[in-house]
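Report on one structure; see the data block that follows.
Laboratory data are not the source of any read-out in this text; all were calculated from the coordinates shown. Note that the coordinates shown come from a computational prediction; the quantities given were computed from them, not determined experimentally. Reconstructed Cβ throughout: ideal geometry from the backbone, glycine too, with neighbour counts over all protein chains shown.
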Amino acid sequence: MRVYGPSGTRAFPTDRNPLVIQLAFAAGLAPGGIGDTTALAYTVPTGRRALITLAGTCHLDAGPIAAGEIAQLWVSPSVGATLAPRLQIGGTATSVSPDDIVLPGIQMPAGQTAQIHYLKAAGTASMTVSGLINGVEYDA
């Protein structure tokens, strides 16, 4: 009798030498400006794959946002050499309500990068941002 598939009890890819990925951050941004800041970044190592979830929150603590001011957080699993798609929350409106974004179940091959950024232009508003990259890395 022929058996097709992996031998042994490790039938699922994530069972192959798993490593838990848990990266997180939280930041309170005071009035004033801060440029595009990479809060978290994770790159899948050579010979590995990863199954991850990206999550982020953005909350305007004191405001409103002045005309032309930007307050946002964006997440991006890279596709090739570009950071795309880029999904963002926050914006340029006079009030940014608390918002969150979750991208579950992203399968990433070796060399691919996931990033979480935040951006706040000069102004009187303050905001809180947080993010998480969570998942499992395993042998390809």
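Got a sec to turn the phi values of region 113-126 into Karplus ³J(HN,Hα) couplings, 6.51 cos²θ - 1.76 cosθ + 1.60 with θ = phi - 60°, whole Hz, x for Gly and Pro?
10, 10, 9, 10, 10, 9, 8, 9, 7, 4, x, 9, 6, 10
Counting other beta carbons within 10 Å of each Cβ, put Arg49, Arg16 in order, fewest first.
With the fewest neighbours first, Arg49, Arg16 line up as Arg16, Arg49.
If you line up the Cα atoms of region 16-139 on their principal axes, what length do they span on each, largest first, in Å?
Result, largest extent first: 50, 24, 18 Å.
Please list, in chain and number order, the residues 5+ apart from Ile70 or on another chain whose amide H is under 5 Å from its amide H, with Hs placed from the backbone.
Under 5 Å from the amide H of Ile70: Ala121.
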